[in-house]
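Student: Input: one structure, supplied below.
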Amino acid sequence: MNDPVRDLYSERRYPDLSHPVTDISRLWVSARVAGLERLAEPSNCRVLELGCAAGQNLLPLAARYPKSDFAGLDYSDTAIRNARQLSYDAGLSNIRFETADLQHWRPSHPCDFLIAHGVFSWVPDEVKTRVLDLCGQVLSDSGVACISYNTLPGWSLRRDLVPLVKALANNPAAAGLGETVESVAASLAEMAGSATAHAANVQAVCRDMVKKGPTVLPFDDFAPVCDAVYFAQFASWAAERGLRYLGEARLQDNLPDGVSPEAYDRLAPLAADPILLQQTLDMLSGRTHRNSLFCRANAPLEDGTTTAVVMNFAAGRGQIELPAVESPVVGHFRQLLEETAPSCLPVQELVELTAERLGGGWDPARHFRDLAGWIYQAARLGGIELRSEALEIRRESLDSPRLSALNLRFAGANRPVVDARHFPCRFPDGHERLLAAMDGTQPADQLAERAREEFPELDFHRWLAHLAERGIVE
């Protein structure tokens, strides 16, 4: 890395974050939907993360899948020491961390999942080349690489705003706009308004900068290196390393927001040329960032993946409210998702329960085909969550709440805890002390009394129920 990048990581601590988009349970689903065969299942696989920082993203995955092997690399020896200590304290023996400069590191064995989140666009060109080279070298025959990067033309406005915001923050004559990049961005957002499409875009970007705040911005928009690339160019570079584009890490990101259903219909013939199709969608949607999946060019792919592939997955209620459908089969299935939320159950089990509710009206051939097709489309829209395995979240008893060994360590170190879906969870200052006390030895009423004394504004039992719903309390 060049000196400015090294200096940044030496002087500042990279934010402790898990990245839900890299959850290997979801990556497995997206790769299978794209037709990749024989991909190792998350419960028994090998995972490598490039740029793992202090392990906040990789450690929860290792805790969830004790029979899989995990390895994390990072330039910062301080971050690696912290990651190793946490893995030891949490009793995780299936994960190792290594201090390494990617330009000189050599893999010793292949991996089934390679994660490079927040790396590619933020390193010099020679390291970008090395990241792609490693993907071509280290992936197993049916392995998947998940790489995040900024995309053009959507990123161009943000790229042009950054030097302006810096100049205003450093100019005494502009002191009325603020003295930090966050306060200047807030002023620009206020002044831009939304009278025109361009003004609305400026306002949205500036508000996003404010939302990221001083912890994230130095490593993102205002990093010493923060590049963007056209998707077609990125895919071409990957192809030169013997890699094939599979799709986006999140199923719904294959159909980006801002593009009308009519436009998708007109672009349907481009499905035979996925690179051109995706570049066209980037142009129409203004997408600024991608988390793309790649496999080896010679990896076995199913030709024309059928909707029946969803029977390999577990399903739960998604984040998007889907429109009503007249089909009674779909209606019963959706009702089951509501009843079993926030858990995810095997699709096979949900289909069998749907058939039971229909009774004699169940037509196996027709109804299964229709239901499988609806599940597939609903998942691509974000209305259903698909995972590689069931996710059971029980809330029967919260008498003596207990966090996992890893989340107890996270809370004790003032780090975000990570929920069952790999989302980071931050709470107001001080609340981590309550979380760190949830080791299963203290009754909920005793914890509630402590909460009343230290945080009188906190509705403890409601908060505890929220933790349970997110799978944080075991």
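Student: What residues have an amide H closer than 5 Å to that of residue 243, excluding those fewer than 5 places away on the same chain, when H is modeled at 1.01 Å from N in the peptide plane?
Tutor: 297
Student: Right, next: Given H placed 1.01 Å from N in the peptide plane, which residues other than close sequence neighbours of residue 144 have an amide H under 5 Å from its amide H?
Tutor: When sequence neighbours closer than 5 places are left aside, the close amide H contacts are 113, 114.
Student: Which GluC sites (Glu not before Pro) in the stretch 428-465 sit in a loop by DSSP (not H, G, I, E or B) and have at most 16 other Cβ atoms within 10 Å of their own Cβ?
Tutor: 457
Student: Evaluate the relative contact order of the stretch 285-430 (contact order divided by residue number), counting alpha-carbon pairs under 8 angstrom at least 6 apart; express in whole percent.
Tutor: Once normalised by length, the contact order is 29 percent.
Student: Now for a different question. If you wrap the chain's Cα atoms in a convex hull and average its projection over all directions, what's the area in nm²?
Tutor: So the mean shadow area of the Cα hull is 25.1 nm².
Student: Moving on to the next point. Over all pairs of distinct alpha carbons, what does the Kirkwood formula give as the hydrodynamic radius of the stretch 308-387, in Å?
Tutor: Averaging 1/r across every pair of different Cα atoms and inverting gives 12.3 Å.
Student: A further question on this structure: Towards the positive end of the charge dipole of the chain, with charges on Cβ (+1 Lys, Arg; -1 Asp, Glu), say which of 156, 183, 309 has the farthest Cα.
Tutor: 156
Student: What is the set of long-range amide H partners of residue 317 at a cut-off below 5 Å, with H atoms built 1.01 Å from backbone N?
Tutor: When sequence neighbours closer than 5 places are left aside, the close amide H contacts are 385.
Student: Next up: If all Cα-Cα distances of the stretch 126-214 are sorted into 10 Å bins from 0 onward, what percent lands in each bin, rounded to whole numbers?
Tutor: 15, 34, 21, 17, 11, 2
Student: Among the trypsin sites (Lys or Arg not before Pro) within the stretch 353-450, which fall in a DSSP loop and have no more than 16 other Cβ atoms within 10 Å of their own Cβ?
Tutor: Counting only loop positions with at most 16 other Cβ atoms within 10 Å, the trypsin sites (Lys or Arg not before Pro) in the stretch 353-450 are 394, 395, 426.
Student: Okay, moving on. Among 142, 408, 171, which residue has its Cα furthest toward the positive end of the charge dipole of the chain, with +1 on Lys/Arg Cβ and -1 on Asp/Glu Cβ?
Tutor: After comparing all options, I get 142.
Student: Please sort by residue number the GluC sites (Glu not before Pro) in the stretch 1-90 whose DSSP state is loop and whose Cβ has at most 13 other Cβ atoms within 10 Å.
Tutor: In loop regions of the stretch 1-90 (DSSP not H, G, I, E or B), the sparsely surrounded GluC sites (Glu not before Pro) are 37.
Student: A further question on this structure: How much of the DSSP bridge set in the chain is antiparallel, in percent, rounded to the nearest 5?
Tutor: DSSP beta bridges in the chain are roughly 50 percent antiparallel.
Student: Using a cut-off of 27 Å between alpha-carbon atoms, which lysines can reach residue 128, once sequence neighbours fewer than 8 places away in the same chain are excluded?
Tutor: Within reach: 166, 212.
Here, each number is a calculation from the coordinates, and none is a lab measurement. Here the structure is a predicted model, which is why all the values come from computation and not from measurement. Because the Cβ atoms are built from the backbone with ideal geometry, glycine has one as well, and the counts that use them run over all protein chains shown.
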